[in-house]
1. Applying the Karplus parametrisation 6.51 cos²θ - 1.76 cosθ + 1.60 with θ = phi - 60° to the phi angles of segment 199-210, what ³J(HN,Hα) value in whole Hz is obtained for each residue in order, glycine and proline being reported as x?
2. Mind listing which GluC sites (Glu not before Pro) in segment 168-199 are in a DSSP loop and have 15 or fewer other Cβ atoms within 10 Å?
3. Using a Förster distance of 45 angstrom, determine the FRET efficiency expected from the C-beta separation of VAL112 and ASP142, and round it to 0.05.
4. Whole-Hz Karplus ³J(HN,Hα) for segment 27-44, in order, using 6.51 cos²θ - 1.76 cosθ + 1.60 and θ = phi - 60°, x for Gly and Pro?
5. What does the charge count around LYS135 come to, taking other residues whose C-beta lies under 9 Å from its C-beta (Lys +1, Arg +1, Asp -1, Glu -1)?
6. Quick one: which residues, 5 or more positions from GLN110 or on another chain, have an amide H under 5 Å from its amide H? H modelled 1.01 Å from N in the peptide plane, none for Pro or chain starts.
7. Run the quick spin-label model on GLN81 and GLN180: label points 7 Å from Cα toward the beta carbon, then report their separation in nm to one decimal.
8. Which residues' amide hydrogens lie under 5 Å from the amide hydrogen of ALA141, considering only partners 5 or more residues apart or on another chain, with H built in the peptide plane?
Amino acid sequence: MWFIAGLLAFFCLPGGALEVTPMVQTLKADRDARGGLTVANPTNREFAFEVDVWELAFDETGVKASPSEALSVFPPALLLQPGQSHSVQIIYKKQPLSSDKSFYVRLNQQPVASVDAEPGHVRMLLDINTVVHLKHSQFNADISVNQSHLRDDQGYIYVQNRGNGHAYLNNLRWYLENEQGQRVRIPPRVLYQSEVDDFVAANSAKHLEFSPALRDALMQLIIKGQGPWHVRIEP
């Protein structure tokens with residue numbers, strides 16, 4: 001079990017909770033692209049991890065990950081004694097890019113002999129995925145709304161990024177428009193239900209369900225006979 005608070009995550013394991021930070025970071029590919037993460041062990045038992053890198057590919061069905069050597073990590077393995085914390089360096093290897101990229105820096109938990117050799121001891125090992133976005137200043141996003149549906153109490157939008165740069169929906173200006181040409185500005189955050197939905201990778205598309213707050217507001221407009229409404233991006 002795990003939960004995230006901001007950029008810090010607590011991973012609940014038998015014996016206590018590990019702390020990992022940050023869970024998401026962005027490296028500038030046209031600069032000295034270096035980052036890192038910290039793993040803290042406030043528990044009274046040992047933990048061991050191997051660290052590797054996976055490149056992410058985004059499509060309408062979700063995220064696919066494949067092993068990558070575009071980032072180097074050091075050290076490649078950690079042994080955390082009780083009360084210890086360790087840092088992992090993340091360095092971009094300056095490989096040619098055709099678009100912004102994203103990666104998992106994955107912590108793969110390993111058995112620890114002093115703990116796992118106990119008779120009858122059965123444990124589940126945890127993989128922890130932290131996200132690293134690699135962004136270059138020469139790449140730009142190109143966001144459009146291909147389809148939106150705003151009827152009754154249902155709502156969704158289909159957003160496409162045709163650019164070679166990652167996009168964040170919160171940085172764009174959004175509004176609703178009906179067939180009579182009326183416009184209503186909407187805060188980006190009420191468009192979607194989760195902070196994860198704010199991110200749209202380069203050359204990808206995303207289907208977003210509206211947040212309850214936006215659905216409630218739309219219902220009031222529809223009741224007043226001012227629909228149907230469509231989502232637009234303000235130029």
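A short reminder: the numbers here are calculations on the coordinates, not readings from a lab. Fair warning: this is a prediction, and the values are worked out from it, not measured in the lab. Here the Cβ positions follow ideal geometry from the backbone for every residue, glycine too, while neighbour counts run over all protein chains shown.
1. Result, ordered by residue: 8, 10, 5, 4, 6, 9, 9, 8, 9, 10, 7, 5 Hz.
2. Details: sites: GLU177, GLU179, GLU195; in loops: GLU179.
Qualifying residues, ordered by number: GLU179.
3. Values: r = 48 Å, r/R0 = 1.07.
Working from the Cβ atoms, E equals 0.40.
4. 9, 8, 5, 8, 10, 6, 7, 10, x, x, 9, 10, 10, 10, 10, x, 8, 9
5. Working: positive: LYS28, LYS101; negative: ASP30, ASP100.
That sum, taken over residues with Cβ under 9 Å, equals 0.
6. Under 5 Å from the amide H of GLN110 lie the amide H atoms of ALA48, PHE49, GLU50, each far enough along the sequence or on another chain.
7. 7.3 nm
8. The list, which skips near neighbours in sequence, is GLY165.
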